[in-house]
Amino acid sequence: VRQALPLLLSRSARLVLDADALNSIAADTALQSLLTARASRHRQTVLTPHPLEAARLLALSGADKVQANRLAAAQSLAQRFACTVLLKGSGSVIAAPRRTPVINPTGSARLAGAGTGDVLAGWLVGLWSASAAAGTVADAFVAARAAAYTHGAAAQHGDAAAPLRASA
């Protein structure tokens, strides 16, 4: 992932970054600079960290620092990297520069399982791409908000006691 990121960060019109991409960016100041520079070229980016990935990106000692003030952490990431941030977790936070942050009201503990963040990232890419293809405003913040809401709503359906699997 680290080898592909410079090209992706430099050339892609829209990006959703998760998991290994976020960890690579957290560990590499050159990648951080490329990420931040995207906004000046009118290229939108959405970061989808869980609290530990957010802590790494903010150079904090642990996820508990992010969890102590999730809203501030999401806003700090959005400002630092000039992009939209969807901070995953109970009450996912969607933040972007010059936007009022949103706390997603949907979801359940069923989303705490492995792979559900990957599903969210895929859902986000799909919604964002569909809005661009339909000629509607392809806004990263709007797409991230819609993806978090619909992903969480999907988790609220079905057997609440059963684990939600990415393959389900």
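The values are calculated or read from the model by the stated rules, or taken from the named source; none is laboratory data. Note that the coordinates shown come from a computational prediction; the quantities given were computed from them, not determined experimentally. Because the Cβ atoms are built from the backbone with ideal geometry, glycine has one as well, and the counts that use them run over all protein chains shown. Protein only, heavy atoms only, side chains kept; ligands, DNA and RNA dropped before computing areas. Shrake-Rupley method; radii C 1.70, N 1.55, O 1.52, S 1.80 Å.
Rounded to the nearest 5, what % of the DSSP beta bridges within segment 11-168 are antiparallel ones?
Working: 5 of 11 bridges.
Bridges in segment 11-168 are about 45 percent antiparallel.
Quantify, in whole percent, the carbon and sulfur part of the accessible surface of the chain (1.4 Å probe; protein heavy atoms only). Please list the in-between numbers first.
On the way: 4740 of 8400 Å².
The value for the chain is 56 percent carbon and sulfur by accessible area.
What is the extension gain from Ala39 to Ala13, computed as 0.36 nm multiplied by their sequence separation minus the C-alpha to C-alpha distance, in nm to one decimal? Display every interim value, and only then the final one.
Values: separation 26, 0.36 × 26 = 9.36 nm, distance 1.02 nm.
Answer, rounded to one decimal: 8.3 nm.
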Taking a ≥ b ≥ c as the square roots of the eigenvalues of the Cα gyration tensor, with a/c under 1.5 meaning rounded and otherwise prolate when a/b exceeds b/c and oblate if not, segment 1-103 is oblate
If we count every other residue with Cβ under 11 angstrom of Asn23's Cβ, Lys/Arg +1 and Asp/Glu -1, where does the sum land? -2
Rounded to the nearest 10 Å², the accessible area of Val85 using a 1.4 Å probe with every protein chain kept is 0 Å²
In nm, give the distance between the simple-model label positions of Val1 and Gln32, each being 7 Å from the Cα along the Cα-to-Cβ direction. 1.8 nm
Tell me the mean residue ellipticity at 222 nm calculated for the chain from its helices only (DSSP H runs of n ≥ 4, each -39500 (n - 2.57), averaged over every residue, nearest 500). -14500 deg cm²/dmol
